[in-house]
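Below is one structure; the comments refer to it alone.
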Amino acid sequence: MKNIIIKFICLMSLLFSIQGFANPINKIDFVGLNVISSTTLISILPVKIGDQYNQNTSDEIIQSLFNTGYFSDINVSSNNDNLTITVSENPYIKYFIVNNIKSNWLDTQQRLIDSSSLDEYIDSNELSAGNMYTKLKLSDFISLLKSKYTSAGFYNVQIEPNVEIDSQNRIGIDLDITQGKRATINSMSISGNSRFSEEDLLDLFTIGEADTILINFFTRKNEYTELEFNQGIELMMQHYFNSGYLDFTVVSVNTSLIDDNEKINIDIQISEGIQYKLGKVSFHGELGSQSISNLNELLSIKSGDIFNRQSLVDDIQTIIDIYADQGYAFVEVNPITQDFLDTVNVKINISLNKKVYVNRITISGNTRTQDEVIRREIGISEGGLYSRSVLRNSVLKLRRLGYFSDVQMSASEVDGIPDKINLNFILEETKTGAISFSVSHSNNYGVSFGAGIQEKNIFGSGNTLNANLKLSDSFNRLSFYFENPNYNDENHSISFGAFMSEINDDDVMKDSYEINTKGVSFGYGIPLTENTRLNSEIEYASHDIKCGSGFSATGYEPVQCATSKNDEVNLNLNWSESTLNDYMYPTDGERNALGVGLAVPLGDYRYYRLDANHVSYKPLSDDLILKLTADLGLAKGYSGKELPFFKRYFGGGSGSVRGFGNKTLGPLYPNNKAKGGELSVLGSVNIISPAYFFDDSDNMRMSAFIDTGNIYEKTSSIKLGDLRMSAGVSFAYLSPIGAIGIYWSTPILKKSGDIIENFSFSLGTGF
């Protein structure tokens, strides 16, 4: 009992002593503040005037103030119930400069992180001028930069900060970055494989051991980056999964750096597992209008086939699209796989949910293009049944217009209305008009100049207006063209044009000819399908022909030179199809055209023309696009009339076989002047890539090409041995001032007397 009383007395004494220490706070003062206001800090403190103060309170105050990041030192003291908080403010950043230094004067590598990206990193890490400085902020920023460089293979990157503080407690930071050289792959191997060869698996990677010196100079295949390596790993996994090896794993990846971190050895250990086949596929849930047999027909893989994960994914997407085109925007198709020995059974559950109708269509980003121009390309109206394929095609049609650099569409549910959906088309407009200038040179025809005004979206109406002028020693032309591609609700088009030209070869080759032409045209077009159109045109032209004395005396064109004034009335019919995925820089799809022209007896000429054109784009990789073009033209006179000599086909120059002089290919007159022919055969192969070594690579394209073809006097005179061929490189840039195009080409199949034109340049100023 005595012990209990003693303990009680001690406890009470302790409590009274604590109460005596805990005093109410009457005043709070801050010492050392320069920039931060005391009012701001008082609102942060865990105590206020009138609260009790003790040692625990002091610790809480210090912790709360340190958490702000404003201070490097904090001290709390109490005197006569007055609380004094003494602080040392962290300095503020006066400037932050990054010097992105090359390894040496020979280093031509593009900077991994450009200046604009560095500025963004500085801002996001609160290290720009005006922000408060801490050593931790700077350290974290340097660590971030180093991780970006090392993940890209720059293991020898050096980042050195130079920090200076002035008398006003302001920090200036100079950050020197020496990028160094990217590590190259010394060796790369794969082990544990038996189904596929190591060579085939390594081919799935865009990086690896160097090819020949020449090829590697362009591909830089041996330059290591973590991103490209991981992409290769992912492609290898997909390759195995799509070959039925569902248990495939990457066991380990061992890397080692050698030669002062400038070379890397990579060893990949894999485990293939067993190969699975597809067993039974069953459908469950809401099937709607589709029967089980119909759904089975949509499957690309059947029971007993090697299981292919990607094929299953594609098949599921096909089923989703079928239902989504019936208005089921939120259909859910979920496959469940069950492995049994070496067989995979698939159970596909379908939940249709409600049919969805379009509530509202909003358009944003179009500051110039009128809403109605955009809405007429959208295949669904407000109140209509949702269709995924129609909307997908609508986005594609908007991209083909050439008015927008980007087109995106998003869908959102309507609150409280489960069967309604809002659609938002987000557009980014591009330049649709240009004042263009061009110049080219040929050894025979000298310098040619061109100028023009083009606007394919005049006043945002979707109408096209072109005016062009071309001047050279032998050819002058002025033309005007207007088109309304959607003049009525059925997307019919109308167009009209006017032109005048002057061909005068006397300035270049004596005893030639002169043709003055004036004409007008009117066109009408109708859509046949979503991707095809039929256009008709009637054209009237008047020709004033003057043959030089030597030209006619030698009997080159005795019939056509006999009369000077001739009228021409043409009826033209053109069918076109386009599935290209973009207007400016397509990467997939094709465009085909077939045209028929007939000079009718209302004029002085009797002839017809047949023209077929094809262009296709096929992605070879993320960076490379294959472009193929083919052009075939045939023109002949009828009813005993000749094809006018100035209506014949001519080849050479831009749009034909580059590397040869403009309109110089084909049969020749005795004076070696191009005669032109009734048959034109042209084709080209192009490998196109973005120009990644420039900062504005999204608007740049470069290509290597091979052109071939020729002009033949008659269809019976075609000979493969007469084909011409050239190879070259080209560069195109959609610059802020307009389109710039350059090509250089040299013939690789030519004959004596051919006129060579190696170089062409064009410049356009956009508005």
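The values are calculated or read from the model by the stated rules, or taken from the named source; none is laboratory data. Model, not experiment: these values are computed from the prediction. Cβ placement follows ideal geometry from the backbone for every residue including glycine, while neighbour counts extend to all protein chains displayed.
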Checklist entry - Can you tell me which residue in the range 352-365 is nearest to the chain's Cα centre (by Cα), limited to those that are surrounded by 13 or more Cβ atoms within 10 Å (Cβ to Cβ) and either assigned to a strand (DSSP E or B) or among the acidic types (Asp, Glu) (or both)? => result 363
Item to check | Of all residues making up the range 749-763, the number that are in contact (Cβ under 8 Å) with a residue 60 or more places away in the chain and part of a strand (DSSP E or B) | outcome: 7
Item to check | Residue match in the range 204-211 (condition: in contact with a Leu (Cβ under 6 Å, 6 or more places away or on another chain) and either outside the structural domain of residue 309 (by TED's automatic domain parsing) or polar (S, T, N, Q) (or both)) | outcome: yes
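Condition check ((1) touching a strand residue (DSSP E or B) at 6+ places or on another chain (Cβ under 6 Å); (2) hydroxyl-bearing (Ser, Thr, Tyr); (3) in the same structural domain as residue 69 (by TED's automatic domain parsing); (4) outside any loop (DSSP other than H, G, I, E, B)) across all residues:
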{"position": "140", "(1), (2), (3), (4)": "no, no, no, yes"}
{"position": "159", "(1), (2), (3), (4)": "yes, no, no, yes"}
{"position": "194", "(1), (2), (3), (4)": "no, yes, no, no"}
{"position": "244", "(1), (2), (3), (4)": "yes, no, no, no"}
Checklist entry - Can you tell which of 380, 374 is crowded, with 16+ Cβ neighbours inside 10 Å, of a type outside the set (Asp, Glu), within 25 Å of the chain's Cα centre (by Cα) and modelled with pLDDT of 90 or more? => result 374
Next on the checklist: Please determine whether any residue of the range 45-55 is more than 18 Å from residue 91 (Cα to Cα), surrounded by 13 or more Cβ atoms within 10 Å (Cβ to Cβ), out of contact with any Asp or Glu (no Cβ under 6 Å at 6 or more places or on another chain) and of a type in the set (Ser, Thr, Tyr).
Outcome noted: yes
Checklist entry - Just for the range 529-563: of the residues that are assigned to a strand (DSSP E or B) and either buried (at least 18 other Cβ atoms within 10 Å of the Cβ) or in contact with a His (Cβ under 8 Å, 6 or more places away or on another chain) (or both), which one is modelled with the lowest pLDDT? => result 547
Checklist entry - Which ones in the range 32-44 are surrounded by 12 or more Cβ atoms within 10 Å (Cβ to Cβ) and either modelled with pLDDT of 80 or more or under 10 Å from residue 85 (Cα atoms) (or both)? => result 32, 33, 38, 41, 42, 44
Checklist outcome for this item: Among (1) within 33 Å of the chain's Cα centre (by Cα); (2) surrounded by fewer than 13 Cβ atoms within 10 Å (Cβ to Cβ); (3) in the same structural domain as residue 239 (by TED's automatic domain parsing), residue 256 falls short only on (1)
Checklist entry - Does residue 402 count as at pLDDT below 90 and within 23 Å of the chain's Cα centre (by Cα)? => result yes
Checklist entry - Does the range 622-653 hold any residues that are in a loop (DSSP other than H, G, I, E, B), more than 23 Å from residue 722 (Cβ to Cβ), under 33 Å from the mean Cα position of the chain (by Cα) and touching a residue at least 60 places away in the same chain (Cβ under 8 Å), and which are they? => result 623, 624
Checklist entry - Restricting the first residue to the range 117-143 and requiring it to be free of Cβ contacts under 8 Å to residues at least 60 places away in the same chain, which pairs with a second residue that is of a type in the set (A, V, I, L, M) and surrounded by fewer than 15 Cβ atoms within 10 Å (Cβ to Cβ) meet a Cβ separation below 8 Å and a spacing of at least six or different chains? => result 121/144; 125/144; 138/163
Checklist entry - Within the range 182-194, can one find any residue that is more than 30 Å from residue 274 (Cβ to Cβ), at pLDDT below 90 and crowded, with 17+ Cβ neighbours inside 10 Å? => result yes
Checklist entry - What pairs can you find where one residue is in the range 539-567 and assigned by TED's automatic domain parsing to the domain that holds residue 674 and more than 24 Å from residue 598 (Cα to Cα), the other is β-branched (Val, Ile, Thr) and modelled with pLDDT of 70 or more, and their Cβ atoms are less than 9 Å apart, with a gap of 6+ or different chains? => result 546/515
